[in-house]
Amino acid sequence: MPNENFKFNSVIEKYFGAAEIVEIPSEIDGVPVTKIGDCAFENCNTVKEIYIPNSVKEIGEYAFWDCRNLQKVHLPKFLKEISNDTFNDCCSLIEINIPDSVKKIDFQAFFGCHSLIEIYIPDSVEEIGENAFWNCRNLRKAYINIEKWSIEKLQKIFDLDDVKILPLVI
């Protein structure tokens, strides 16, 4: 993927390409890519699948907001946090694997991801923001360490009328 598709300074600040499959490079001009900035892929409706390299440790708020055709995301294995509204309104998102390194899933991180059917939340996650998985109309199963979270907290994370909470096998 040509480097001119990215505005960059160790942080991917903006994506200008039109590819359906995006592979973010681990470095550009010898400089490691360590972060995807706030709103970097906002409204990129051509992108269907994205590969984020392991050099990326942080993804900014609204980074993929309203990427309506985004179906699959390959997160880096050293990611620590999924920020506020990172995947908000990615209504075609069907597949995302949250790595064991993630400690926090922030407010409305997956709000409006209508095509998600199930999600595995690793035991490494210590904090989940309110409405993180709200308005995910087709989300039916959430695998999570149920001993860690009260029913009151789960009600603020998921729409429990539709989602079946299943124990995470550790």
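Among the basic types (Lys, Arg) and either open to solvent by less than 40 Å² (accessible area, probe 1.4 Å) or modelled with pLDDT of 95 or more (or both): does that describe Lys164? For Lys164, the condition - among the basic types (Lys, Arg) and either open to solvent by less than 40 Å² (accessible area, probe 1.4 Å) or modelled with pLDDT of 95 or more (or both) - is not met.
Evaluate the following for Tyr143: is it closer than 20 Å to Leu160 by Cβ, open to solvent by 70 Å² or more (accessible area, probe 1.4 Å) and touching a Leu at 6+ places or on another chain (Cβ under 9 Å)? For Tyr143, the condition - closer than 20 Å to Leu160 by Cβ, open to solvent by 70 Å² or more (accessible area, probe 1.4 Å) and touching a Leu at 6+ places or on another chain (Cβ under 9 Å) - is not met. Contact map, the range 133-155: first residue closer than 19 Å to Phe107 by Cβ, second residue part of a loop (DSSP other than H, G, I, E, B) and of a type in the set (Gly, Ala, Ser), Cβ cut-off under 6 Å, separation 6 or more or different chains; pairs are Asn135/Gly112. Out of Thr34, Thr46, Thr86, one residue alone is among the polar types (S, T, N, Q), under 10 Å from the mean Cα position of the chain (by Cα) and over 22 Å from Leu168 (Cα atoms). It is Thr86.
Okay, residues lined up against (1) at pLDDT below 95; (2) open to solvent by 60 Å² or more (accessible area, probe 1.4 Å); (3) among the charged types (D, E, K, R); (4) under 18 Å from Ala142 (Cβ atoms):
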{"position": "Tyr62", "(1), (2), (3), (4)": "no, yes, no, no"}
{"position": "Leu79", "(1), (2), (3), (4)": "no, no, no, no"}
{"position": "Ser83", "(1), (2), (3), (4)": "no, no, no, no"}
{"position": "Asp89", "(1), (2), (3), (4)": "no, no, yes, no"}
{"position": "Ile98", "(1), (2), (3), (4)": "no, no, no, yes"}
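Just one of (1) at negative phi; (2) over 10 Å from the mean Cα position of the chain (by Cα); (3) of a type in the set (Asp, Glu) fails for Glu81. It is (2).
Take the conditions in contact with a His (Cβ under 8 Å, 6 or more places away or on another chain) and crowded, with 19+ Cβ neighbours inside 10 Å and apply them to Ile52. Does it pass? Lay out the reasoning, then the answer.
Details: in contact with a His (Cβ under 8 Å, 6 or more places away or on another chain): yes; crowded, with 19+ Cβ neighbours inside 10 Å: yes.
So Ile52 fits the description; yes.
Quick test of your reading of the structure: Ser26 fulfils all but one of (1) open to solvent by 50 Å² or more (accessible area, probe 1.4 Å); (2) under 22 Å from Phe133 (Cα atoms); (3) among the small types (Gly, Ala, Ser). Name the failing condition by number. Only one criterion in (1) open to solvent by 50 Å² or more (accessible area, probe 1.4 Å); (2) under 22 Å from Phe133 (Cα atoms); (3) among the small types (Gly, Ala, Ser) is unmet by Ser26, namely (2).
In the range 1-14, the residue that is surrounded by the fewest Cβ atoms within 10 Å (Cβ to Cβ) out of those that are in a strand (DSSP E or B) and either of a type in the set (D, E, K, R) or modelled with pLDDT of 95 or more (or both) is Lys7.
Test Cys39 against the stated conditions and say whether it is assigned to a loop (DSSP other than H, G, I, E, B) and open to solvent by 40 Å² or more (accessible area, probe 1.4 Å). Spelling it out, Cys39 is indeed assigned to a loop (DSSP other than H, G, I, E, B) and open to solvent by 40 Å² or more (accessible area, probe 1.4 Å).
The values are calculated or read from the model by the stated rules, or taken from the named source; none is laboratory data. Treat the numbers as computed from the prediction; the structure is a model and nothing was measured. All Cβ positions, even for glycine, are placed from backbone atoms using ideal geometry, and neighbour counts span all protein chains on display. Each accessible area value is taken on the protein alone, full model and side chains, heavy atoms only, with ligands, DNA and RNA left out. Shrake-Rupley method; radii C 1.70, N 1.55, O 1.52, S 1.80 Å.
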